[in-house]
Amino acid sequence: MTVPYQLRLSRQQEKIFAFLLAQSKPSRDQIMNHLHPIIVELQPDIKLIDVQICKMRRKLERFDITICTYHGRGYYISPEDKAKVAALLAAETTVAA
């Protein structure tokens, strides 16, 4: 699923958000490997994911979309919030047409 433009996410945040939309409950390592599919030793610190999630949560608040924490594992977006994203995307597509 593509990410609605009106969410105003950075490119890196868009990649993370799209990955969260496509997966059920990805771990932080899975998200990092999606962002930086290179030799593990050369990847940035895993805290990068936590920082980006924090920034994304602030941006998504106004759309009532929540990134939930799967404690000790990773993050996920509820099916209800995925539906909200789909509605935003549909609205953008309708306006553009």
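Scaling the Cα radius of gyration of the chain by the globular reference 2.2 N^0.38 Å produces a ratio of 1.09. Taking label positions 7 Å along the Cα-Cβ direction at both LYS55 and GLN23, the computed distance is 1.9 nm, reported to one decimal. Each peptide in 68-76, 14-22 was scored by the mean count of other Cβ atoms within 10 Å over its residues; highest first, the order is 14-22, 68-76. With a Förster radius of 22 Å applied to the beta-carbon distance between ASN33 and GLN12, the computed FRET efficiency rounds to 0.95. Membrane-span-like helices in the chain, defined here as complete DSSP H runs extending at least 30 Å along the helix axis by their C-alpha atoms with mean Kyte-Doolittle hydropathy no lower than 0.5, are absent; this is a sequence and geometry rule, not a statement about a membrane.
Quote the relative contact order of the chain in percent (integer), defining contacts as alpha-carbon pairs under 8 Å separated by 6+ residues. If you can, show how the numbers build up before the last one.
Details: 83 pairs, mean separation 32.9, N = 97.
Answer for the chain is 34 percent.
Quick note: the coordinates plus some simple rules give every number you see, no bench work behind them. Since the structure is predicted, the reported quantities are computational estimates derived from the model, not experimental observations. Please note: Cβ atoms are built from the backbone with ideal geometry, for glycine as well, and neighbour counts cover all protein chains shown.
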